[in-house]
1. Given the options Gly264, Gly215, Gly238, which has the most mean-square fluctuation in a GNM of the chain, springs set between C-alpha atoms less than 10 angstrom apart?
2. Anyone know which of Lys50, Lys145, Lys91 comes out most mobile in the 10 Å Cα GNM of the chain?
3. Tell me, what is the FRET efficiency for Arg8 and Lys102 to the nearest 0.05, using R0 = 45 angstrom and their Cβ-Cβ distance as r?
4. Once the Cα atoms of the stretch 153-314 are picked out, what are the Rg and Dmax in Å?
5. Using the Kirkwood radius over Cα pairs, work out the Stokes-Einstein diffusion coefficient for the stretch 11-150 at 20 °C and 1.002 mPa s, in µm²/s as a whole number.
6. Answer rounded, prolate or oblate for the stretch 190-241, using the Cα gyration tensor with square roots of eigenvalues a ≥ b ≥ c: rounded when a/c is under 1.5, else prolate when a/b is larger than b/c, else oblate.
7. Binned at 20 Å from 0, what are the whole-percent values of the Cα-Cα distance distribution for the chain, short to long?
8. Cut-off under 30 Å on the C-alpha distance; same-chain residues fewer than 8 positions from Lys302 excluded. Which lysines are left, in chain and number order?
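Read-outs throughout are calculated quantities, based only on the coordinates presented, and are distinct from any laboratory measurement. Here the structure is a predicted model, which means the values were calculated and not measured. Here the Cβ positions follow ideal geometry from the backbone for every residue, glycine too, while neighbour counts run over all protein chains shown.
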Amino acid sequence: MAMKKNNRKKKLSIIGAGAVGTAAAQWAVCRSIADTIVLLDVVAGLPHGKALDLFQTSPLYGYAGNIVGTDDYADTAQSDVIIITAGLARKPGMSRDDLLEKNVRIIREVTEEIVKYSPDACLVVVTNPIDAMVYTVFKVSGFPKHQVVGMAGVLDSARYRAFIAQALAVAPSDVTALVMGVHGDHMLPLVRLASVGGVPIEELLSKDEIENIVGRTQHGGAEIVQHLKTGSAFSAPGLAAVEMAQSILKDEKRVVPCAAYLEGEFGINGVFLGVPVVLGKNGVERILEFPLAPDEQEALQKSVEAVKKQVSATGL
Ligand code: TXD
């Protein structure tokens, strides 16, 4: 029997028309992942100008959908996916945790507006410190856990994969690797499971080389902040968020590491943490749980402690 095609128009909204939000909008246009793309910000004129600029790329890219710039949440109504990037970004010397207090306030406000207009949307949270912000969105929205997910692991794993590919001079897309845990210094780039075309990296790189790659991955965001000085990474974060949105909008069932709400998985309860998930039309459709080695479990526990500290600082 022929499968019925789902022809319902898809809508993606992006909250925050700053560096990451703009990059996400661009990647979303390039990949044509939605029929309507809405870019919203509180700064007057900013989303309007950026959306108009992006609209003028459509003949070059061949994107035929709508691109809307707005400061009115009514324009986000009935979104299928909403990427949240609103908030402050790091400057040199700042940790992600330094952003917490101000960003909690922003994220609360944004979430309250979003839920009025899009009660069924999947929310992809990008704002830092991500593991606490996604918890804030979950609590304030009252949405079921599968509708709320944080972006960090896709980016951290992309960084890990890029550095492995560079060290081995191989195609980055042939590198498979997973970063779990918190989006911070205690993140866990899994060495045992990293491979190139199916060959474990431990067979191809020395311990020192691997250690360097793991360290560079853990501090991948800070390395960019040091260079930029006025802001943080935006291109890879924008694409990482779009990769997640695409899997949800197109029901691709991609297996990607995301901050998902854990209720016993990996022995962890009541926090959002980076784990491998299946992303489909319902958002987080499954968490892929597997046994961790004792040192990995111990490292993940450090992540849990870091996240719990962040979450308690949100006052939720
Ligand atoms: O891996 C990850 N999760 C991340 C997270 C990777 C990169 C960046 N990450 C975080 O995303 C970063 O630490 C920040 O917390 C957010 C957004 O970073 P970006 O670099 O885009 O920051 P900008 O350029 O300062 O943009 C933020 C925009 C800006 O235009 C503000 O006017 C807007 O957010 N803003 C708001 N929009 C809507 N509503 C409210 N209340 C609001 N407040 C600020």
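1. Its mean-square fluctuation being the largest, the pick is Gly264.
2. With Cα springs under 10 Å in the chain, the top fluctuation among Lys50, Lys145, Lys91 is at Lys91.
3. Numbers: r = 38 Å, r/R0 = 0.83.
Once the sixth-power term is evaluated, E becomes 0.75.
4. For the stretch 153-314, the Cα-based Rg and Dmax read 15.7, 43 Å.
5. On the way: Rh = 15.0 Å.
Once the numbers are plugged in, D ends up at 142 µm²/s.
6. Working: a/c = 3.99, a/b = 1.88, b/c = 2.12.
Taking the square roots of the gyration eigenvalues as a ≥ b ≥ c, the stretch 190-241 is oblate.
7. All Cα pairs, binned at 20 Å, distribute as 34, 58, 8 percent.
8. Lys91, Lys102, Lys139, Lys145, Lys207, Lys229, Lys253
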